[in-house]
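Accompanying notes for the structure given below.
The values are calculated or read from the model by the stated rules, or taken from the named source; none is laboratory data. Treat the numbers as computed from the prediction; the structure is a model and nothing was measured. Because the Cβ atoms are built from the backbone with ideal geometry, glycine has one as well, and the counts that use them run over all protein chains shown.
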């Protein structure tokens with residue numbers, strides 16, 4: 001008797017009636033708005049770069065030296081090579097030092113006085129304007145050697161990477177559960193073995209992400225390079241000679257009076273953005289770690 | 001394995017004395033080659049003497065003196081917070097990580113005070129393995145979990161035979177032999193705990209400490225582990241902390257009852273559960289508190 005049994009079903013939900021929770025709408029709505037605004041800004045930049053710069057990019061742009069001032073044609077090959085050289089030098093300096101400091105802070109120092117001083121210094125340096133790294137290297141390397149150089153530029157960028165790397169490394173190592181350290185120690189492993197053989201591999205994905213962010217950060221630095229790498233219209237003659245870098249090239253072309261420079265500046269900026277995005281996604285794909293949250 | 005032939009390389013700098021509970025914590029002249037006979041009573045392999053422990057100003061253990069017999073399972077029971085886990089962790093110096101730790105008294109392993117300044121805690125832990133409350137496999141493959149343990153112990157060359165032996169000893173081989181290179185994290189909780197047991201066994205320690213090894217496992221996995229513990233004592237000395245009194249009654253030979261940091265009673269498991277000497281023990285094992 002379905003008809004009868006429905007009689008005791010209320011026609012309206014009464015006090016359970018569905019209603020709009022305005023606090024939810026405003027709360028989540030505002031996060032969606034924030035997302036749309038930020039994403040919109042990012043895509044606007046990217047679209048602007050594509051619109052103005054795509055025309056500049058062709059094979060010659062990648063493999064040629066700059067043309068004579070104001071002339072059409074020519075490329076930014078020395079800037080691309082220089083960027084690669086500077087990023088390599090800075091990574092060789094900045095990543096091991098930064099990871100070392102991070103390991104020290106997370107695994108050895110605890111909350112000692114020295115550790116607190118180190119953390120304060122790192123937090124200060126992370127927020128320090130990068131030009132200061134440039135000035136520092138200018139006085140310790142450029143002036144004594146008497147020349148702007150790739151090495152000076154790489155050191156300046158490396159100095160910027162150290163605190164970034166140190167802080168991300170410390171943070172991700174702290175996420176590794178202590179149960180892993182205990183398990184290793186209980187097997188009779190010395191602490192360095194636990195750190196290098198267990199804790200660091202468990203945090204590998206996080207350390208790599210930190211490295212990618214640090215590289216991306218310095219690949220886009222201009223200010224410290226003005227005082228150290230200087231820039232160069234040609235391929236560098238050696239590591240102790242001035243070298244070009246992509247953002248130095250963008251700066252020079254963007255400030256110049258020629259339309260062809262402006263277009264090439266957009267093209268170079270587009271290459272930089274796409275290159276950083278591609279590079280970081282590739283690295284993260286190839287070094288996917290275990291998920292630590294399973295622990 | 002007699003005491004005389006026990007590998008001594010791990011505690012090299014430590015002179016060995018006659019094994020007895022009441023030896024001096026500062027061993028006298030080395031007697032490396034002195035003959036030592038095991039008495040019928042099986043002298044304790046591990047003993048604590050007036051062991052007190054503080055975390056900062058909080059006292060956790062109060063003058064605990066307790067002996068552990070070789071090739072037996074000794075269970076430590078007591079209510080939560082009675083100090084049984086802390087006690088277990090002093091036996092292989094896993095408490096060293098706690099910076100506020102303070103210890104008085106002695107932990108004697110075959111007559112050597114493990115808290116002597118000259119003792120290397122790494123060497124202690126190689127001889128006295130540990131199984132934890134929650135399975136804690138490394139985020140590596142099953143094989144690499146065991147390979148890491150072997151390599152930190154200085155093993156080189158092919159490891160497969162040792163890996164298989166340890167996995168068989170932990171009754172896990174048949175379940176994982178076809179996926180040794182799969183992540184250990186893909187195993188079930190009970191399998192993970194047996195992997196951790198295999199990892200603890202792979203270097204053939206002499207003594208195994210277990211900190212509530214089944215508390216995170218379901219009843220079937222628990223009974224598997226208990227069965228393993230029962231067989232392990234032929235080769236190992238086992239000290240097990242548990243809050244599960246039935247488990248202590250099932251698998252242990254000797255049971256110690258800790259209460260508020262003090263050792264209330266220790267005796268043969270059967271006696272302690274059926275005929276306890278202390279009123280407090282009786283109240284606890286009959287479920288009147290705790």
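Tabulated results
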quantity: Positions within the range B:149-169 being touching a residue at least 24 places away in the same chain (Cβ under 8 Å), buried (at least 18 other Cβ atoms within 10 Å of the Cβ) and either under 17 Å from residue A:201 (Cβ atoms) or facing another protein chain (nearest Cβ under 10 Å) (or both), in sequence order; calculated: B:149, B:150
quantity: Subset of the range B:112-127 (residues that are more than 9 Å from every other protein chain (Cβ to nearest Cβ) and under 19 Å from the mean Cα position of the chain (by Cα)); calculated: B:112, B:113, B:114, B:115, B:119, B:120
quantity: Selection count where residues are within 14 Å of chain B (Cβ to nearest Cβ), without any contact (Cβ under 8 Å) to a residue 60 or more places away in the chain and surrounded by fewer than 23 Cβ atoms within 10 Å (Cβ to Cβ), scope the range A:195-233; calculated: 2
quantity: Some residue of the range A:198-214 being over 30 Å from residue A:179 (Cβ atoms), at pLDDT 90 or above and either touching a helix residue (DSSP H, G or I) at 6+ places or on another chain (Cβ under 9 Å) or in a helix (DSSP H, G or I) (or both); calculated: no
quantity: Within the range A:113-122, tally of residues that are in contact with a helix residue (DSSP H, G or I) (Cβ under 9 Å, 6 or more places away or on another chain) and within 14 Å of chain B (Cβ to nearest Cβ); calculated: 1
quantity: Test result for residue B:61, part of a helix (DSSP H, G or I), surrounded by 14 or more Cβ atoms within 10 Å (Cβ to Cβ) and either at pLDDT 95 or above or in contact with a helix residue (DSSP H, G or I) (Cβ under 9 Å, 6 or more places away or on another chain) (or both); calculated: no
quantity: Selection count, the range A:235-263, where residues are assigned to a loop (DSSP other than H, G, I, E, B) and under 15 Å from residue A:83 (Cβ atoms); calculated: 6
quantity: Subset of the range B:170-183 that is more than 25 Å from the chain's Cα centre (by Cα), outside any helix (DSSP H, G or I) and crowded, with 16+ Cβ neighbours inside 10 Å - its residue that is nearest to the other protein chains (Cβ to nearest Cβ); calculated: B:183
quantity: Residue that is within 24 Å of residue B:69 (Cα to Cα) and in contact (Cβ under 8 Å) with a residue 40 or more places away in the chain, where the choices are B:182, B:200; calculated: B:200
quantity: Qualifying residue in the range A:20-41 (condition: modelled with pLDDT of 95 or more and within 30 Å of residue A:244 (Cβ to Cβ)); calculated: yes
quantity: Only one of B:200, B:249, B:170 that is out of contact with any strand residue (DSSP E or B) (no Cβ under 6 Å at 6 or more places or on another chain) and within 19 Å of residue A:184 (Cα to Cα); calculated: B:170
quantity: Helices (runs of 4 or more DSSP H) contained in the range B:189-290 and holding at least 2 residues farther than 20 Å from residue B:135 by Cα and more than 20 Å from the chain's Cα centre (by Cα); calculated: B:269-274, B:279-285
quantity: Residues that are more than 8 Å from every other protein chain (Cβ to nearest Cβ) and over 15 Å from the mean Cα position of the chain (by Cα), drawn from the range B:128-145; calculated: B:135, B:141, B:142, B:143, B:144, B:145
quantity: Residue list for the range B:251-280, restricted to those being buried (at least 18 other Cβ atoms within 10 Å of the Cβ), free of Cβ contacts under 8 Å to residues at least 60 places away in the same chain and under 20 Å from residue B:230 (Cα atoms); calculated: B:272, B:273
quantity: Filtered residue count, the range A:172-193, keeping only those that are outside any loop (DSSP other than H, G, I, E, B), surrounded by fewer than 23 Cβ atoms within 10 Å (Cβ to Cβ) and within 11 Å of chain B (Cβ to nearest Cβ); calculated: 8
quantity: Residues within the range B:188-197 that are within 11 Å of chain A (Cβ to nearest Cβ) and either farther than 28 Å from residue B:71 by Cα or free of Cβ contacts under 8 Å to residues at least 12 places away in the same chain (or both), tallied; calculated: 0
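Residue-by-condition table, conditions (1) part of a strand (DSSP E or B); (2) touching a helix residue (DSSP H, G or I) at 6+ places or on another chain (Cβ under 6 Å); (3) at pLDDT below 90:
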{"residue": "B:75", "(1), (2), (3)": "yes, yes, no"}
{"residue": "B:81", "(1), (2), (3)": "no, no, yes"}
{"residue": "B:89", "(1), (2), (3)": "no, yes, no"}
{"residue": "B:103", "(1), (2), (3)": "yes, no, no"}
{"residue": "B:118", "(1), (2), (3)": "no, no, no"}
{"residue": "B:139", "(1), (2), (3)": "no, yes, no"}
{"residue": "B:151", "(1), (2), (3)": "no, no, no"}
{"residue": "B:168", "(1), (2), (3)": "no, no, no"}
